[in-house]
C-alpha cells in the first residue's frame, strides 16, 4: 500500500502554507518526496481561486487588513473563500497519475472522506449535485478547491469546525449568494477540538484513498512557530 | 514537425474543459512537460504540460473557451522544425528595411532646391494607406529623388558648396548618423553654410514632431483660430510674440487636420485596477531585478489594449478613400510629453511582446524621446495610440486621434475611490479610460465592446508571465 505522510501543523500563515505545499509538490513530482496530507489552521485570510470575482470580496482590502484579515490570490480552482482559526484545512499532496487520473473522482473522494469524518461526530453530511463541497443542516460545512500539476494535487479542503462564521459575511462564499455556511460547532452546539477531528479524519482519508498513513513528527515538517505578536497581528 | 496539443481528459465523466489561461504565447520556447496552459473544471484548476519540446506555433483555442476533450488547442513546432517557426515569428527585419528609405528626409526640415518646405502638406490632408504615418507619408516625394545622398556627392564632381555642406563637426555627424539623417539636406547656418549642432537638433525636433500627434486638448479648440487671420499686435501692447518652433507648428497642423478628418466621439469607462495594482505590487521587485526597468501600470494598459485590438480589427485600421484598411500588425504609439512639446514613439509589433517586453520598449522609447535620440522610423507606422494624461492628475481626457489611425485611448489618473460593490461601500483604485474613435468607421457599439474587453482584462488581471 502506498504511504502518505500526515502531520497536523497547528496555526500556519497562508503564504507559509503555500510555500510548504509547493515545496512538497515539487519534491513529489521530481521523485524526491513522498505523498503528504498537510493539516493545519490558517490565520484569517480571504483567498481568491482562479474563478474568483473581485466583487465577491465585499469589503475593501484596507478595511480587511485593519481587521486582521489578509487577502491572497491563489492558483486553486473555485472562487472566493475564507480561512481562519477553528477551521481544519487539509492540503493533500498526492500523485493521482498511477491510479486515479480523474479530477471528478478526486473531488468526490475528498467529499467522501469528510462526510465519513463528520459521521464520527454525529453530523449527517451529504453532497449536493453540481455544488462541490460538503453540506450539513442546510449549510455548507466544507469547501473544496484543488490545483493539479501533472496530476500532483495541491490545495484541498477546509472544514468548518468552530470557525467564526460571521467572517464569511465579508465575502460571497464560492460565488453562492443564496447558500448559508455552517460549522460543526453551530450544528452540535459545542466546540470540538481540531485535534479530535484530525484523529477521526486520518483513518477515513486512508480508507478512501487506499493509503497507509504515517504520522510525521509535526515539529519536523512545521515551519517556525510564530511569535505571540504575529498571532495578534 | 508540428505536434498537436489537445484538451486532455481530466476524468471519466468529464467531456469538456475550459481553457482558463495560456501560460505561453505563440513564439515562446517550451520544454517537454513544461506547463503551457491551464484548464478549469468545477473546483479544479490544472496546469497542462507540453507534449513536446519546441516552439508554441499556434494557439487555436482562446482563454475562456470551453471545448470537448481531445480538441486540438494549440500546435507545437517541435525542436526539429524550429527553423520554420523562427522565420515566422521574426517579421521585423523586412519591415525595417522597407521603412528605411522613408526615414531620412522629411518635408519640414529639408527645404528642397526646387520647392518650398510645404511640398508634402497637401498630401498630408488625405488619409494615407496602411502603415505610413501621415505627415511622413508625403515627405520622401518632396525631393528625395532629386537630391543625391552625401556619400555619392563626394567623388562625383560635386560642387564646393555641396562638399562644404556635407562637412560638419564630428558631433553633428554623430547625431546625423544616430538619427539616420542626411546632413546635406539640412540647411546650415554656420560658416559657409555648414550644419551646426543647433541646426541639426532643430531639424530633428521638427522631424520628430511631424510624426507625432496626441491629445493636446487645448489644440482641439483651435481650428477656427488657425483658419482665421492672425491678430495684429501693435508695438507697445502688453504681449510677447514668439514664432512657433517647427515642432509646435507640426503639432498644430496635425491636430487641426485630425479634427477636420475624423468624426470624433469619445466614450469613457471606469475600471477597477485592484488586480493590476496588486500584480504590480507583488511583482515589481522581481521585475526590476530581472529586467532593469520599473513595472508601471503602462505595460498592463498596452497589453490590455493589444488584446482588444486583436479582437476588434476595425479599431486597428485606417480609412483610405472609400476603402477600409485593416492592419495586420499592431504598432502601438505611446504619447510622451516633452518639455518642448510631445512625441509619439511607436511600440512595433506590440502583439508579439510580453508584458516585460512592452515595459522595456516603452521605457527605452520614452527615455530616448526625452534625450532626442529617437530615429524617424521609431515615430512612424503606429496603428493605435495610447496617451496618459493621468500622470499629471487628469481624470479623463477626450484625446484627438493620431491620423491616419481611427482610435486613441486616454488613460486617466489611477486613484482610490469609494465605490459600491454588492451594496457595500468599498475603496478601490479606479481609473477612467477614454477612447476617442472615428465614427466614420467605428460604431459606438464596437467602440464600447472594445473598451469592455480592455476593462475585463484589467479588472480580472488576465496577464501571464509578469516577471
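Counting only Cα atoms, the range B:253-459 measures 50, 43, 31 Å along its principal axes, largest extent leading. Taking chain A as a Gaussian network of alpha-carbon nodes connected by springs under 10 Å, the highest mean-square fluctuation of the residues A:163, A:191, A:153 belongs to A:191.
In this simple spin-label model, placing a label point 7 Å from the Cα along the Cα-to-Cβ direction at both residue B:465 and residue B:178 gives a separation of 3.2 nm.
Under 13 Å from the 7 Å Cα→Cβ point of residue B:2, by amide nitrogen: which residues of the range B:42-72? Under 13 Å, as judged by backbone N against the label point of residue B:2, lie B:56-61, B:72 of the range B:42-72.
For the range A:5-64, the Cα gyration tensor yields ellipsoid semi-axes of 29, 15, 8 Å (square root of five times each eigenvalue, largest first, whole Å).
Counting only other chain Cβ atoms within 10 Å of each residue's Cβ, the peptide B:47-58 averages 1.
Using bins of 10 Å that start at zero, the share of Cα-Cα pairs per bin across the range B:370-467 amounts to 13, 33, 36, 14, 3, 0, in whole %.
Spatially, the range A:38-70 and the range B:18-78 are offset by 29 Å when compared through their Cα centroids. To the nearest 0.05, how large is the calculated FRET efficiency for residue A:62 and residue B:29 if R₀ is 35 Å and r is the Cβ-Cβ distance? So the FRET efficiency works out to roughly 0.25. For chain A, adding -39500 (n - 2.57) for each run of n ≥ 4 DSSP H residues and dividing by the number of residues yields -8500 deg cm²/dmol at 222 nm. Subtracting the Cα-Cα distance of residue B:323 and residue B:417 from their residue separation scaled by 0.36 nm leaves 29.5 nm. Over the range A:38-148, the fraction of Cα-Cα pairs per 10 Å bin, rounded to whole percents and listed from the shortest bin up, is 12, 40, 36, 12, 1.
Extents of the range A:84-196, taken as max minus min of Cα coordinates on every principal axis and listed largest first, are 42, 30, 25 Å.
Note on B:287-295: average number of Cβ atoms from other chains within 10 Å of each residue's Cβ is 0.
Mind checking the log10 I(q)/I(0) for chain A at q = 0.17, 0.18 Å⁻¹? Debye, one equal scatterer per Cα, no solvent, two decimals. Taking Cα atoms of chain A as identical point scatterers yields -1.34, -1.52.
For the range A:16-102, the orientation-averaged shadow of the C-alpha convex hull comes to 6.6 nm² (one quarter of the hull surface). Ranked by the mean number of other Cβ atoms within 10 Å of their residues, highest first, the peptides B:398-404, B:246-252 fall in the order B:398-404, B:246-252. In plain terms, the residue of B:372, B:348, B:198 with the fewest other Cβ atoms within 10 Å comes first and the most crowded comes last, giving B:198, B:372, B:348.
Among the residues of A:53-66, the average count of other protein chain beta-carbon atoms within 10 Å of the residue beta-carbon is 4.
Extents of the range B:1-71, largest first, come to 32, 20, 18 Å (Cα atoms, principal axes, whole angstrom).
For the pair the range B:332-358 and the range A:143-210, the centres of their Cα atoms are 49 angstrom apart.
Highest average first, the peptides B:233-242, B:303-312, A:76-85 ordered by how many other beta carbon atoms sit within 10 Å of their residues are A:76-85, B:303-312, B:233-242.
We did not get these values from a lab; they are worked out from the coordinates using the rules stated. Bear in mind that the values here come from a model prediction, so they are computed numbers and not experimental data. Reconstructed Cβ throughout: ideal geometry from the backbone, glycine too, with neighbour counts over all protein chains shown.
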